[in-house]
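The values are calculated or read from the model by the stated rules, or taken from the named source; none is laboratory data. On a predicted model such as this, the values are computed, not experimentally measured, just so you know. Cβ sites come from the backbone with ideal geometry, for glycine too, and all protein chains shown count toward neighbours. Ligands, DNA and RNA are stripped out before the accessible areas are found, and what is left, the full protein with its side chains, is counted by its heavy atoms. Shrake-Rupley method; radii C 1.70, N 1.55, O 1.52, S 1.80 Å.
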Amino acid sequence: MLSYLQKTNTSLLFFAFLFSFQTSLLAQTFDEEQPLSEIITSIEDQFDVRFSYTASNIEGHSMEPPSKDLSLEETLNYLKQSTGLEFRTIRERYIAIYTNVNIGNQSVCGTLINTSTGKPIQGATVYGTSAVASTDDAGFFQLIGVSRSETINITYLGFDIHKLNSIDLLGKENCPLIFANINVNLLETVVLESYLTRGISKNAEGSVTITQQNYAILPSLVEPDILQIVQILPGVESVDETAANINIRGGKNDEVLLLWNGIRMYQSSHFFGLISALNPNLTDKVSIYKNGTHPRYGEGVSGVISMTSDDTVPEEITGGGGINFISANLYAKIPTSERFSFNISGRASINSGIGNPVYNQFYNRIFQNTVITNLDTNTEEGLRSSDEDFNFFDLSVKGIWDISKKDKITYNFLAINNSLDFTELFVDLNDSSSNRSSLEQSSNINGIQWKRKWNPKFSTQVNWHGSTYLLEESNQQVNTGASTTQENEVSETEFQIESTYRINKDLFLSAGFVYTDTEVNNLSNNNALQQSLLRRDAYFINSQWRMNKKKTIVSFGGRLTSYRTLDQQFLEPRISIFQTLSPRLSINLAAEQKQQGVLQFTDVNNEFLGVENKRWALANGRDLPLLESRQIELGSTYSKNNWVVNTNVYYKEVDGISASTQGFRNQLINNTSLGGYDIKGFELSISRKVEKLNAWLSYSFADSDFNFPEITPSEFPNSFAFKHSATVAATYEHNAFLFSFGSTFKNGNPFTGVVAGNEIIEVDGEPVINHNDPNSDLLENYFRVDMSAGYNFKIDETFDGKVNLALLNVFNWSNPLDTYFRLTQDDSLENSLNRIEQFSLGFTPNISFQLFF
């Protein structure tokens with residue numbers, strides 16, 4: 001028995017020893033497994049290499065360390081087999097780690113290489129619509145969750161160095177090398193992404209940038225009409241609800257400088273203002289300045305809207321087309337070689353009003369209170385009939401030539417045309433007559449640009465361009481042969497050279513010279529031709545300091561402009577200061593002074609069709625002096641927990657305006673007094689993003705009065721400033737669907753009423769309207785609710801599609817936009833007062849279908 005117990009104890013001790021030994025071995029084996037991050041560090045020390053990777057790619061990977069006896073190639077193969085990751089030697093000591101890239105997971109990667117040095121570019125920012133990354137020491141990056149149609153942008157130290165399409169990277173077995181030069185063209189310093197909504201950013205220099213490809217959707221729009229989109233910004237309005245007549249902080253529409261690829265536009269719309277004349281598919285970026293404008297920009301005493309198109313040579317042909325109830329469009333980007341490509345786009349109206357609710361609404365809105373829609377109000381007995389033919393088109397072409405790694409030449413051409421022919425036939429028992437009227441509004445813009453990068457710090461840009469605008473109106477009485485004609489023609493040429501020098505990564509200097517020659521010809525209905533010429537040249541300089549780790553950014557410069565034909569010279573200082581007070585709070589200060597010599601007036605006595613009665617004119621130093629503005633503002637931005645609150649207070653003065661250019665239809669209709677206006681304003685925007693929902697509120701308050709010393713009363717409300725204006729909107733994304741809802745509220749426009757009970761009086765024996773004080777009355781408040789929805793879908797590997805639906809003015813509210821009075825006389829010579837009213841668009845549904853390849 002004792003022997004049995006001894007044997008048993010010996011066996012137990014033996015098995016206990018074995019169990020302990022095995023446990024020790026297992027524990028030792030487990031302890032030998034190490035995280036991949038630690039193994040990578042060990043390999044870097046052993047072979048003197050450096051790995052580049054995205055942290056999320058290596059998380060969760062653990063294994064036994066590879067043997068120290070393995071070569072570097074054998075070590076990398078071991079890691080690949082153990083993790084399923086890809087390891088690629090990029091250049092000498094650098095090795096990139098990345099996941100398998102395929103169309104399914106929609107991930108892209110690459111390695112950024114400096115073309116000049118052949119070395120990796122470290123610290124560059126790579127971003128698309130929904131993902132952002134930075135290049136590491138080896139120039140490697142990876143973006144996860146991108147779509148086929150995205151544009152991948154790459155910036156370095158605030159410079160734009162490369163741009164490519166995501167489709168060029170999708171599906172590549174290995175992360176390709178991407179070669180780029182460091183571009184010294186100074187970019188805006190973005191301080192707030194998704195300002196209000198996706199695709200809109202706020203910059204430290206005081207401007208706001210809208211990127212078309214990243215823009216979501218706006219209520220009421222089936223396409224991203226850029227001149228409508230800018231109106232969601234506080235302080236940017238349109239008193240007549242159009243895309244063409246934009247008012248910034250109480251300024252008239254001609255006080256806003258509109259640029260397309262650096263070229264001034266004197267016509268920017270179709271359907272006489274309702275939609276912009278720029279194909280949204282080729283408008284790459286839009287910059288809006290309300291204050292603190294860069295000194296390269298002259299004119300535009302109230303603001304600048306600069307629109308630019310893409311100037312990169314694509315690797316393959318891309319394009320698309322679309323159609324809605326108003327127009328059809330096509331565009332394409334066509335590379336002919338690795339260094340040359342051209343972009344082309346065109347749009348033409350769909351002008352059939354039969355069963356077309358959008359065309360009918362647009363037609364009634366534009367032609368209300370004109371002879372076209374008022375034909376039935378004629379009381380003369382007889383049979384009347386009319387025929388109208390209205391159409392529009394635009395065509396743009398851009399050539400891009402990368403001559404060398406340092407030189408680029410681009411050529412831009414844009415043609416815009418609106419035409420209207422109207423024939424009225426009248427037949428009675430004794431006679432018949434026919435009256436033909438026509439109106440044509442056209443613009444042609446072309447320009448060439450040369451960019452030279454002398455070295456990584458210094459670059460030069462030279463521009464030459466020309467712009468012509470022609471408005472022709474004619475009226476012919478067929479029976480008698482009598483005819484009358486009116487014309488307004490603008491011809492402008494400009495030469496500009498600008499150089500930028502980067503002293504270091506935080507200090508930039510730019511300077512340049514610009515010469516502009518503008519000629520305006522006006523032919524009145526009595527065949528009297530008036531010609532005017534304005535020549536001016538300007539020198540400008542600007543500096544930007546980024547201090548205290550970019551917490552302080554100061555932009556300061558000035559412009560010295562000489563108006564040769566007027567023998568006048570002005571210095572225009574510009575300054576913008578941005579200061580970060582905390583990670584959540586920043587403030588900005590901006591001030592500027594500007595002059596303007598190109599003006600626009602409204603011909604209220606126009607006897608033609610009455611559709612387009614605006615005429616361009618030039619300052620002459622007498623009854624039309626140069627406009628001069630001074631403005632200062634203080635703003636702040638606060639962000640926390642996806643809330644962003646932005647505020648601005650400002651004060652602006654504009655002198656030199658003439659009563660004859662303001663479009664008065666009251667007792668000042670023929671007044672030529674000179675004066676100005678001032679405006680004190682407050683702007684507020686609040687936005688909140690929660691997962692797929694983005695909502696925003698923008699509000700502006702403006703207290704503005706005209707001041708004409710020779711008029712009684714000398715001060716009265718500004719015609720182009722709303723006291724209160726607010727927009728509330730939200731967008732929601734769900735898979736391939738996008739929904740948007742919004743409403744707009746504004747105070748009614750000021751107008752001049754008549755004295756109740758004594759509307760008509762006699763002055764020197766002639767009946768005249770007895771008006772109240774100018775702009776002393778207000779129209780009813782403006783309120784509108786809009787909705788829109790979009791759906792993106794994939795047809796095959798080549799084609800993508802998009803369907804958008806927009807409902808403008810959902811509840812069909814009738815919003816008055818303008819009111820004035822006319823004195824009429826019947827057959828018995830009795831005088832009566834006729835009130836003319838202009839109303840906004842009613843309920844307008846629209847739908848568009850777009851196809852991309």
Inset, instruction - Give the number of residues within the stretch 670-699 that are touching a helix residue (DSSP H, G or I) at 6+ places or on another chain (Cβ under 9 Å) and open to solvent by 30 Å² or more (accessible area, probe 1.4 Å). - result: 4
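Are there strands (runs of 3 or more DSSP E) fully within the stretch 757-850 with at least 2 residues that are open to solvent by 80 Å² or more (accessible area, probe 1.4 Å)? List them. It would help to see each step written out before you state the result.
Details: elements: 760-763, 766-769, 782-794, 800-808, 816-825, 831-839.
Those strands (runs of 3 or more DSSP E) span 782-794, 816-825.
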Inset, instruction - Could you please find all residues in the stretch 229-249 being under 20 Å from residue 646 (Cβ atoms) and either over 17 Å from the mean Cα position of the chain (by Cα) or of a type in the set (Ser, Thr, Tyr) (or both)? - result: 249
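Residue 625: buried (at least 18 other Cβ atoms within 10 Å of the Cβ), in a loop (DSSP other than H, G, I, E, B) and not aliphatic (A, V, I, L, M), yes or no? Let's see the steps before the verdict.
Working: buried (at least 18 other Cβ atoms within 10 Å of the Cβ): yes; in a loop (DSSP other than H, G, I, E, B): yes; not aliphatic (A, V, I, L, M): yes.
In short, yes.
Rundown of residues vs (1) of a type outside the set (Gly, Ala, Ser); (2) within 27 Å of the chain's Cα centre (by Cα); (3) farther than 30 Å from residue 523 by Cα; (4) open to solvent by 40 Å² or more (accessible area, probe 1.4 Å), yes/no style:
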site: 573; (1), (2), (3), (4): yes, yes, yes, yes
site: 587; (1), (2), (3), (4): yes, yes, yes, yes
site: 592; (1), (2), (3), (4): yes, yes, yes, no
site: 597; (1), (2), (3), (4): no, yes, no, no
Inset, instruction - Kindly indicate which of 233, 227, 258 is open to solvent by 10 Å² or more (accessible area, probe 1.4 Å), of a type outside the set (Asp, Glu) and within 26 Å of residue 804 (Cβ to Cβ). - result: 258
Legend entry - Close pairs from the stretch 578-602: first touching a residue at least 60 places away in the same chain (Cβ under 8 Å) and in a loop (DSSP other than H, G, I, E, B), partner crowded, with 19+ Cβ neighbours inside 10 Å and aromatic (Phe, Trp, Tyr), Cβ under 8 Å, at least 6 apart: 597/563
Legend entry - Cβ-Cβ under 8 Å pairs, at least 6 apart or on other chains, the stretch 278-304 side without any contact (Cβ under 8 Å) to a residue 40 or more places away in the chain, far side part of a loop (DSSP other than H, G, I, E, B) and open to solvent by 10 Å² or more (accessible area, probe 1.4 Å): none
Inset, instruction - Check 752, 712 and return the single one that is open to solvent by 20 Å² or more (accessible area, probe 1.4 Å) and polar (S, T, N, Q). - result: 712
Legend entry - Close pairs from the stretch 229-254: first closer than 16 Å to residue 209 by Cβ, partner in a helix (DSSP H, G or I), Cβ under 6 Å, at least 6 apart: 236/230
Legend entry - Test: residue 323 is without any contact (Cβ under 8 Å) to a residue 24 or more places away in the chain and either open to solvent by 20 Å² or more (accessible area, probe 1.4 Å) or in contact with a Cys (Cβ under 9 Å, 6 or more places away or on another chain) (or both): no
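Quick grid of which residues meet (1) open to solvent by 20 Å² or more (accessible area, probe 1.4 Å); (2) more than 21 Å from residue 249 (Cα to Cα); (3) at pLDDT 95 or above; (4) in contact with a Gly (Cβ under 6 Å, 6 or more places away or on another chain):
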| position | (1), (2), (3), (4) |
| --- | --- |
| 558 | no, yes, yes, no |
| 601 | yes, no, no, no |
| 606 | yes, yes, no, no |
| 613 | yes, yes, no, no |
| 621 | yes, yes, no, no |
| 649 | yes, no, yes, no |
Legend entry - Candidate set from the stretch 160-208 (those that are modelled with pLDDT under 75 and of a type in the set (Gly, Ala, Ser)); member that is surrounded by the most Cβ atoms within 10 Å (Cβ to Cβ): 194
Inset, instruction - Keeping to the stretch 659-673, report how many residues are closer than 10 Å to residue 774 by Cβ and either part of a helix (DSSP H, G or I) or of a type in the set (Lys, Arg) (or both). - result: 1
Inset, instruction - Might you check whether a residue that is at pLDDT below 95, of a type outside the set (Lys, Arg) and under 18 Å from residue 436 (Cβ atoms) occurs anywhere in the stretch 487-494? - result: yes
Legend entry - the stretch 69-96 residues that are open to solvent by less than 80 Å² (accessible area, probe 1.4 Å), paired with ones that are modelled with pLDDT of 85 or more and among the polar types (S, T, N, Q) (beta carbon under 7 Å, 6 or more apart): 90/111; 96/111
Inset, instruction - Please find, among 302, 337, 306, 341, the residue that is small (Gly, Ala, Ser), within 30 Å of residue 510 (Cα to Cα) and more than 21 Å from the chain's Cα centre (by Cα). - result: 341
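Identify all residues within the stretch 674-700 that are among the basic types (Lys, Arg) and outside any loop (DSSP other than H, G, I, E, B); write none if there are none. Walk me through how you get there before you give the answer.
Taking the stretch 674-700 and keeping what is among the basic types (Lys, Arg), we get 680, 688-689, 692.
Passing the criteria: 680, 688, 689.
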